[in-house]
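Undergrad: Provided herewith is a single structure, encoded as structure tokens, for subsequent inquiry.
Read-outs: derived from the displayed coordinates by stated rules, not from any lab. For clarity, every value in this text was computed on a predicted model and none was experimentally measured. No Cβ is skipped: glycine too gets one built from the backbone with ideal geometry, and neighbour counts run over all protein chains shown.
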Amino acid sequence: MVRTLEKIEKTLSGLRVSRESVVKPSLLLPKQSDSVLSSVEKLIPELLADMKNDLSEYPFIREFVILSNKWVYDSDPNNMVLSYYFEDHSYLRNKLRILENYGLIYEITYNEVARFVISEELAAYLTTDSQVE
């Protein structure tokens, strides 16, 4: 009986999800054309403008979470992430789906808070001076 319980515990401990064990997408995402980026910019200009502002202030951060401003989120001080709020962006999840569909962001949620990574291509587009204002 004890051996059975130990086997069950070992199996269950293998099912726990950690940040490091989350499956990450291939880094070889297809490069989007400037026309795709421009059309996405026309669809969701406010969100991209906020992302641009955040990246200009924090140029090395690529992760972000989406939250309600009524929630308390205790982030890891050693891994700073950006935050975007449902109250600031109507249809936020749907707007992010557009970015996901083009491979410009990808989801890496590993707990109850939706978490995403900004692709280097989108980051470069947003940090180019001639883009979103």
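Undergrad: Once Lys and Arg get +1 and Asp and Glu get -1 on their Cβ, which of Asn79, Ser56, Tyr125 lies farthest toward the positive end of the dipole of the stretch 31-127?
TA: Of the candidates, Tyr125 comes out farthest on the positive side.
Undergrad: About its Cα centre, how strong a charge dipole does the stretch 31-127 have in debye, to the nearest 20, once Lys and Arg get +1 and Asp and Glu get -1 at the Cβ? Intermediate results must be reported in sequence, preceding the final value.
TA: Values: 9 positive and 16 negative charges, 55 e Å.
The dipole of the stretch 31-127 has a size of about 260 debye.
Undergrad: Among all the aspartates and glutamates, which ones have a C-alpha under 18 Å from Lys52's C-alpha, if same-chain residues fewer than 8 places away are not counted?
TA: Asp34, Glu41, Glu63, Asp88, Glu100, Glu120, Glu121, Asp129, Glu133
Undergrad: Here is a further query. What share of the DSSP beta bridges in the stretch 31-127 is antiparallel, in percent to the nearest 5?
TA: Values: 6 of 10 bridges.
Counting DSSP beta bridges with both partners in the stretch 31-127, the antiparallel share is about 60 percent.
Undergrad: Could I ask something else about it? Can you list the equivalent-ellipsoid semi-axes of the stretch 67-133, largest first and in whole Å, using the square root of 5 times each Cα gyration tensor eigenvalue? Provide the component values of the computation, followed by the final result.
TA: Values: eigenvalues 92, 44, 36 Å².
So the equivalent ellipsoid measures 21, 15, 13 Å along its semi-axes.
Undergrad: Can you give the extra length, in nm with one decimal, that the chain gains between Ser83 and Ser33 once fully stretched, where that is 0.36 nm per residue apart less the Cα-Cα distance? Numbers along the way, then the final one.
TA: Details: separation 50, 0.36 × 50 = 18.00 nm, distance 2.70 nm.
15.3 nm is the gain from fully extending Ser83 to Ser33.
Undergrad: Next up: Give me the percent relative contact order of the stretch 31-127, please, defined on Cα pairs under 8 angstrom at least 6 residues apart. Don't skip to the answer; put the middle values down first.
TA: Working: 102 pairs, mean separation 30.9, N = 97.
Across the stretch 31-127, relative contact order equals 32 percent.
Undergrad: Place the peptides 38-44, 72-78 in order of packing, highest mean first, counting for every residue the other Cβ atoms within 10 Å and averaging per peptide.
TA: Working: 38-44: 14.6, 72-78: 7.6.
In descending order of packing, they fall as 38-44, 72-78.
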